[in-house]
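First the structure, in the form of structure tokens, and then the observations on it.
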Amino acid sequence: MSDTTLANFQEFDTLLRQRREELQAKIDPQTHRSASAGESVATPPEAVDDEAANAGVQNDTDLAQLELELAELVDIDAALGRIKAGTYGICTACDEAIPPARLRAMPSAHFCIGCQSKSEQRQGFPHNTSL
């Protein structure tokens with residue numbers, strides 16, 4: 001990777017590493033808490049009340065949040081790998097440059113806006129053109 005490219009992406013490398021540290025700090029306590037929660041004794045069905053039901057919903061919500069954070073961590077690691085390989089800022093689908101404004105908004109982006117939109121449409125996400 002040339003010094004010019006490295007200098008251009010230093011900002012994104014820093015942003016990605018900072019976000020990675022933030023996520024890791026959140027994820028570590030959650031994984032320990034999830035592991036210890038799995039070791040608890042099951043409550044008999046007749047003892048389940050509103051409080052237990054709410055705790056179950058909260059646990060499901062926490063698990064969903066953890067999954068999102070782990071997925072973001074994977075994306076960040078992939079972006080850091082692309083920086084190291086010299087391919088950061090290039091769409092992994094069409095090989096076109098990803099605009100710096102998009103990278104500032106989402107430093108782990110691996111698709112340009114057009115390819116991201118196509119990917120979301122293939123996955124069944126609604127496309128809102130009014131935004």
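Of note, residue 129 satisfies the criterion of being polar (S, T, N, Q) and at pLDDT below 95.
Quick check, is residue 21 modelled with pLDDT of 95 or more, over 22 Å from residue 111 (Cβ atoms) and loosely packed, with under 13 Cβ neighbours inside 10 Å? Break it down into steps so the answer makes sense when it comes.
Working: modelled with pLDDT of 95 or more: yes; over 22 Å from residue 111 (Cβ atoms): yes; loosely packed, with under 13 Cβ neighbours inside 10 Å: yes.
Yes: the conditions hold for residue 21.
All of 78, 101, 93 fail the test of being exposed (fewer than 10 other Cβ atoms within 10 Å of the Cβ), closer than 30 Å to residue 116 by Cβ and modelled with pLDDT of 65 or more, apart from 101.
Residue 51 meets all of the listed conditions (1) farther than 24 Å from residue 28 by Cα; (2) surrounded by 12 or more Cβ atoms within 10 Å (Cβ to Cβ); (3) at pLDDT below 95 but one, namely (2). I'd like the full set of residues that are of a type in the set (S, T, N, Q) and touching a residue at least 60 places away in the same chain (Cβ under 8 Å), limited to region 73-127. Once the filter is applied, which keeps residues that are of a type in the set (S, T, N, Q) and touching a residue at least 60 places away in the same chain (Cβ under 8 Å), region 73-127 yields only 108.
The values are calculated or read from the model by the stated rules, or taken from the named source; none is laboratory data. Quick caveat, the model's predicted, so the values are computed rather than measured. Here the Cβ is made from the backbone with ideal geometry for all residues, glycine too, and neighbour counts use every protein chain on show.
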